[in-house]
Structure formats: structure tokens, C-alpha cells
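The values are calculated or read from the model by the stated rules, or taken from the named source; none is laboratory data. Note that the structure is a prediction, hence the values are computed from the model and not measured. Ideal geometry is used to build each Cβ from the backbone, glycine not excepted, and the neighbour counts take in all protein chains shown. Areas reflect the complete protein model, heavy atoms only, side chains present, ligands, DNA and RNA absent. Shrake-Rupley method; radii C 1.70, N 1.55, O 1.52, S 1.80 Å.
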Amino acid sequence: MNILILGGGGREHAFCWKLSKSKFITNIFIAPGNAGTSELGKNLDISVNDFLAIKDEVIKNKIDIVLVGPEDPLVNGIHDFFLSDKIINSVPVIGPTKKAAMLEGSKDFAKKFMERNSIPTAKHATFDKKTVKEGHKFLDTLKSPYVLKADGLAAGKGVLIIDDLAQAKEELTEMLVGGKFGLASGKVVVEEFLKGIELSCFVIADGKSYLTLPMAKDYKRIGEGDTGLNTGGMGAVSPVPFVDESFSNKIDKEIIKPTIEGLFRDKIDFVGFIFIGLIKVQDSPYVIEYNVRMGDPETQVVLPRIKNDFGEILLSISSKKISEIKLEIEDKFATTICAVSDGYPESYQKGKKIIGINKVQDSKVFHAGTSSKGMNIFTSGGRVLAITSLEDRFKDSVKKSYEELKKINFDGINYRKDIGFDL
Ligand code: AMP
Ligand code: GLY
């Protein structure tokens, strides 16, 4: 079977690596991929949002299944595009339709879904440019800090957390009337700040049944001690030490089951990954957000712990037989640490030569923003590499990733020095 993976980050390299071990997969194609994926398959120089070019490649390379990494093409309707095309409509796309992808593509849609299905989340209300005043009044009813969320996709930058009430009101006006995030902030969700510890939960749905994958904890801020700007993620660990059986059962009963049942009730045929961003407040889980894809860098710690053939899992999603898969999880601890370009998540330089990857022996180096020229590998993005270690003891997995990461270097390399330390 030939597979096409859409995306070019660490998550997609991890997909590629896991699928390269599958007995169901013959050839792997990745669009656009990175230097890491090019060692395991064929990179195609096309954008994840160029649906016509993707169709051409699917036909040319006799692709049997498409796995979508990032949210953009899903929110833009790639699944629907395939379904509506006579030539490629029999090729399964792992990733939800445009309607289902609104769980990530619209914060307001996600909140309404949670309300309908009594899924715990922060107290909230949605406003548009006609209801700015009401928005200000709603802010008056909340306590500091205030959370403002652009409704649509804003490249991970659309959430503002503000301490001062007057400033929160000003920002709300700026988002709704001043076009701060363009179309994405035509509507804004204002919500109560929840204080707790975050974790990520992953579910595979095939439209009929579902499977829960190992959970992970991501480190989102750029600086040690969770300080500084938000990033795509600076590191991750799996399993999450503070999730015991009783809390895990709560997540299943209060969050996952109502989510799946809600999708059925709404007649949303969800095929793909649901990534539920949770926050543990005292002993209760609340949903912070839904994503309709796997997390990055969470995939780099979740996949190494799954013993099953990942190709078989993908096939079972497309044939709606996920209930027949018995997930086997490695009873070990995975830690990944992201090496990023100096300046990330703001502006940074590209094209720096990376040395030392071949010296890493005991960890897996997943490429993110990399490209190759001849025998050399260069940086080409903000997040450059993710170094994953799988060990019997949690502490050892953290230690190993740091030891191995020290063998790698490029001009302006930066990484968080405290991944896993809080646990
Ligand atoms: P989101 O894009 O909705 O995941 O928000 C980005 C980040 O903002 C989350 O990962 C949280 O760290 C933080 N955040 C979002 N909503 C809340 C909330 N209601 N209370 C506390 N932190 C939040
Ligand atoms: N690491 C968070 C995300 O993938 O959205």
C-alpha cells in the first residue's frame, strides 16, 4: 500500500518513521516533508493546501491512503475535496471533513458543541463587532486574568491572556473592530481563566467507534519555568505521571465519551485524530480546546510507545474497524526535547548547518524544520529537531534526551533546559 503524508514537521517525520516499520506500507510519500522524511520516503515539493497538485500526485503515485498531519488542509476541506472528486473519491483520507474540523477551526463552534453535550469547559461567551459593549460587560463579571480567543485559526497566536481589565477590554475591541487577527477574530470567545495543569489526550475515531491513545504533556512556553511566549511546543513527555487510573476514568467518562456521543448525535462522521487539550483543576478535567489532528511534539512521544503496526491502525480507521484493534502500549517513559532556532517563536534565521545528528545513538532524532543539500543538513524552520528517548524510568528518559541533544549543534541552537523537571 502506498501512503501520502501531508505536512513537514516533527509530527510527520514521526508518522513516517513509524509507518516505515509497517508491513502494510510499500512506499511513503510526504508533501512537503523535511530532511528526515526524505530518508524514509519521497518528498513532494507541494503545499498541504494545494489540493489540485495533491490530487495529481495521488494519481501519479497510485496512493492508497492519505494521512493529514496539520489542521490547515482539514479546516480548508481536503477530505471533502477528495469525496467530491470522481477520480480520487475512493482514496481514504485520515482526517475529518470540513464540518468536523470546525471543532478546531472555530472556537465558538467547539464551545457550542461542549455546551450541547455538557462537556466541562471554562465559563465563556462569544462576541462579534456588533456586541463589543456586551463583551466588555461580560469581562466585568470575570476575575483576572482574562482569556480572549480569536474564533478562527490564527497560527497559534490567537489566544491572549491579560491581567488588567482595561487592557483586556481594549484588546477585545482591537480583535473585533481593529482586525487584530484578520478574519480569525471576527468573533471572539471570552472566557474565565482556569488554574491548573495541562495535558493532552488523543483519540482515534472511525465514525463508528474510537480508541484512546497514550496521553502526553506538552511544554508550550519558550522559557524555562513556563515563561515567555507561547510556541507550538518545546518538548513533551508520555505517559503523564499525574494521571492515575481514577483521573483517567474521569477523562473517559466526562470528556471522551460525551465527545464521541456528541459527534454521533450531530451526525458528524469524524474520521481521524481528536486531540483534546485538557486542564486538571483540582481533581477535575476541563477542555481547553479541541484539535482535529495529532499534536506536535506530542506525536514524537506517543508513537514510540505504541507497539502496534501503525499502518494497520490507519487501515482500520478507513475501514471503520478501529474497534477490532487491541492497542499495545510500551510500559516505558518517553521524553522529547525540541531544538529551536534562536528568536523562535518570533523571527529567526534559517540555513544554518546542523552537525552531530549522526553521533546520536540512543535516542531518536525527529526532524522538523530541516532541509538537505548534498550530504549536509540545514535549518529551515523555527522548531528544527525533536530528540526522543524511551526508557524504563522517567528520569532516565529526560536525562538521555539531554545527553544526546548535547551532541548536536547549529548556529543559534536553543532549547528548554527543564523539560520534565516539574514532574
Ligand atoms: P488554546 O489555543 O485554546 O489551546 O489556548 C492556548 C493556551 O492558552 C492553552 O494551551 C493554555 O495554556 C492557555 N489557555 C487557554 N484557555 C485557557 C483558560 N480558559 N484558562 C487558562 N489557560 C488557558
Ligand atoms: N503541541 C501542541 C499542538 O500540537 O497544538
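General observations
- Size of charge dipole - the chain - debye, nearest 20, with Cβ of Lys, Arg +1 and Asp, Glu -1, no other charges: 460
- Estimated [θ] at 222 nm from DSSP helical runs (n ≥ 4, -39500 (n - 2.57)) normalised by residues in the chain, nearest 500: -7000 deg cm²/dmol
- Per residue, the solvent-accessible area of the chain (1.4 Å probe, heavy atoms of protein chains only, all protein chains present) comes to 44 Å².
- Considering the chain, its Cα convex hull presents a mean projected area of 19.7 nm².
- Our note on the geometry: Cα centres of the stretch 222-244 and the stretch 5-49, 26 Å apart.
- Debye intensity ratio I(q)/I(0), log10, the stretch 128-213, q values 0.14 Å⁻¹ (C-alpha model): -0.56
- Near I5, the amide H atoms lying under 5 Å from its own belong to F29, I30, A31, L67; only residues 5 or more places off or on other chains count, and H is placed 1.01 Å from N.
- Set of lysines with alpha-carbon distance to K257 below 16 Å, sequence-local pairs under 8 removed: K208, K267
- Beta bridge orientation in the chain: antiparallel %, DSSP, nearest 5: 80
- Partner aspartates and glutamates for K407 [C-alpha distance under 13 Å; skip if fewer than 8 residues away on the same chain]: D362
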